[in-house]
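The values are calculated or read from the model by the stated rules, or taken from the named source; none is laboratory data. No experiment lies behind these values; they were computed from the predicted model shown. Positions of Cβ are backbone-derived with ideal geometry, glycine not excepted, and every protein chain shown enters the neighbour counts.
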Amino acid sequence: MNTPIATPIPSNSASSALDTAAIVETASALIAMHPVYGSDGQRHAMDYLEQRMRALGASVRRRRIYDEEIEDHPCYVHVENFGGSFASYRETVRENLVCELDFGAPGPTVLLNGHVDVEFVTAPEQWSRAEGWRKPRVEDGRLYGRGSSDMLGAVACFVAVAEDLSRAKAEGAHLGGRLLLHFVVDEEIGGNGTLATLSTLDGQVDAALIGEPTDGAVCTRTRSFEQFKVVCGGRPRHMCLSEGSANALSQAVQVFTIIEELNQWCREQLGGDPVRSLCVGVLRGGSDAAVPAASAELLVTAALPPSLPLSAVLSELDSRLRAAFPDEAPQVGPYGLRFPASQGGHEGLAAGLRAQLEGVVELDPARREARDFPSACDARIFESFSIPTVIYGPGSLARAHGPDEYVSLDELKVYTRVIHETLRAAFSGDASLSG
């Protein structure tokens, strides 16, 4: 069971913009728009955020993503190759929103990155409320809805912090530097939205923060997202005279078990890290229920830290397949997407955030240490532009992409306060972003 990271320490300095109820209202509005790929919900979400940012006096630029401008970059993802609903990807209108608060005096430039697109709902019957993914509700201190944890909650917190800093400047606070807010799409399908915004970036960025759900940890590195397939063969014949080995699906079931065992090998290579490294998401084969399958394939995704390359995992898998099937081993081949892990290394920036977090909550020991974000995200794209970046946001990946996704109100409250106090200190010149 996921629990809040701690009880927030009371603060008397928060403005109404930082009130948790206001943040929940913003997040709920975005959840209700259900901004999945290719939907009007993405346009409505960008309309709403543009209105909010213009109202606080930010400079706002809304721009369509033109794939021909970024497709030569090594981080670009050819989403149209997924086929299906993505076949018309390049013709689909996708827009980012780039906002800037310039405080009119020397100071650091900080970029907050939040993706507005949310994951598709694949098992609607498993939600406890009808259309609960797009009908936000608060219950038992939790905000439920698709994207609440990943990552519309963080986007709502960013809006609140920007509104409060704008108000403080208008009331005479001595602030210097620039706050950039990039509200992007396409993160759930590869990151071309962030690539488009960074490709047109104006000026140097001293630090960037990605608001992915990190379960209270401040992360400097991410895991990879690398896919491959295993193809199994069979020998079709009349079902009544066939042996189990004649059915490719029988072999595929054995391969599934081998890959599950390989997960344990990955954990051992990584010093007991409990995060799953391999997932068989699709197993398919056969064409007739009365005939042993001639072929079957398993589609696999690997999420690996920089210290464990995919080549090492595939080498170990190949050895195990040859041992299990000495006559004719299943074939391992390329499939789908491959995003590298980000190498990180910005511990000074992370240490500064952890210090602020420690001042707001009493951290357990595990969250005082550096931790990898247990998935891929747009950090690798920031790394390609040499921008110091950390990943830190409210919520947990354990609740993302599944039924009854939620973020706790305590998580939103703690996160908003940490980001607000960190940025206020940086723009006031009271603290360095380098830790």
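Among the candidates R146, R167, which residue alone is closer than 19 Å to H34 by Cβ and assigned by TED's automatic domain parsing to the domain that holds H401?
Matching residue, one of R146, R167: R146.
Counting only residues that are farther than 27 Å from A156 by Cα, give me the helices (runs of 4 or more DSSP H) lying completely in region 302-401 with at least 2 of them. Ranges flagged: 310-324. Looking at V313, V300, V407, just one residue is among the β-branched types (V, I, T), modelled with pLDDT of 90 or more and not assigned by TED's automatic domain parsing to the domain that holds D273, and that residue is V407. Cβ-Cβ distance below 8 Å, separation of 6 or more or different chains: which pairs start in region 302-330 with a residue that is exposed (fewer than 14 other Cβ atoms within 10 Å of the Cβ) and end on one that is part of a loop (DSSP other than H, G, I, E, B)? Partner pairs satisfying both residue conditions: S307/L270; R322/A329. K169 fulfils the conditions (1) crowded, with 19+ Cβ neighbours inside 10 Å; (2) of a type outside the set (S, T, N, Q); (3) in a strand (DSSP E or B) except for a single criterion, (3).
Of the residues Y48, Y89, Y37, which single one is hydroxyl-bearing (S, T, Y), surrounded by 21 or more Cβ atoms within 10 Å (Cβ to Cβ) and either modelled with pLDDT of 95 or more or outside the structural domain of D186 (by TED's automatic domain parsing) (or both)? If you could, list the steps in order and put the result at the bottom.
Details: Y48 fails: surrounded by 21 or more Cβ atoms within 10 Å (Cβ to Cβ); Y37 fails: surrounded by 21 or more Cβ atoms within 10 Å (Cβ to Cβ).
Selected residue: Y89, the only one of Y48, Y89, Y37 that is hydroxyl-bearing (S, T, Y), surrounded by 21 or more Cβ atoms within 10 Å (Cβ to Cβ) and either modelled with pLDDT of 95 or more or outside the structural domain of D186 (by TED's automatic domain parsing) (or both).
For region 92-104, a residue qualifies if it is farther than 30 Å from A173 by Cα and surrounded by fewer than 13 Cβ atoms within 10 Å (Cβ to Cβ), and exactly one does: V93. Of all residues in region 49-70, those that are within 25 Å of I23 (Cβ to Cβ) have Cβ atoms under 8 Å from Cβ atoms of residues that are part of a helix (DSSP H, G or I) and of a type in the set (D, E), 6 or more apart or on another chain, in R52/E163; L56/E163; V60/E50; R62/E50. All but one of (1) under 27 Å from the mean Cα position of the chain (by Cα); (2) free of Cβ contacts under 8 Å to residues at least 12 places away in the same chain hold for D288; which doesn't? The one condition D288 does not meet is (1).
Filter region 51-64 down to the residues that are within 17 Å of G114 (Cβ to Cβ) and aliphatic (A, V, I, L, M), then identify the one that is surrounded by the most Cβ atoms within 10 Å (Cβ to Cβ). Applying the filter and picking the extreme gives M53.
Could you check, for region 145-153, whether at least one of its residues is in contact (Cβ under 8 Å) with a residue 24 or more places away in the chain, surrounded by fewer than 24 Cβ atoms within 10 Å (Cβ to Cβ) and part of a loop (DSSP other than H, G, I, E, B)?
Initial filter on region 145-153 (in contact (Cβ under 8 Å) with a residue 24 or more places away in the chain): 145-153.
Next, only the ones that are surrounded by fewer than 24 Cβ atoms within 10 Å (Cβ to Cβ) stay: none.
Taking every residue of region 145-153 in turn, none turns out to be in contact (Cβ under 8 Å) with a residue 24 or more places away in the chain, surrounded by fewer than 24 Cβ atoms within 10 Å (Cβ to Cβ) and part of a loop (DSSP other than H, G, I, E, B).
Restricting the search to strands (runs of 3 or more DSSP E) fully inside region 191-242 and requiring at least 1 residues that are surrounded by fewer than 18 Cβ atoms within 10 Å (Cβ to Cβ) gives 225-233. Of the conditions (1) in contact with a Phe, Trp or Tyr (Cβ under 6 Å, 6 or more places away or on another chain); (2) more than 27 Å from A376 (Cβ to Cβ), M239 satisfies every one except a single condition; which number is it? With respect to (1) in contact with a Phe, Trp or Tyr (Cβ under 6 Å, 6 or more places away or on another chain); (2) more than 27 Å from A376 (Cβ to Cβ), M239 is out only on (1).
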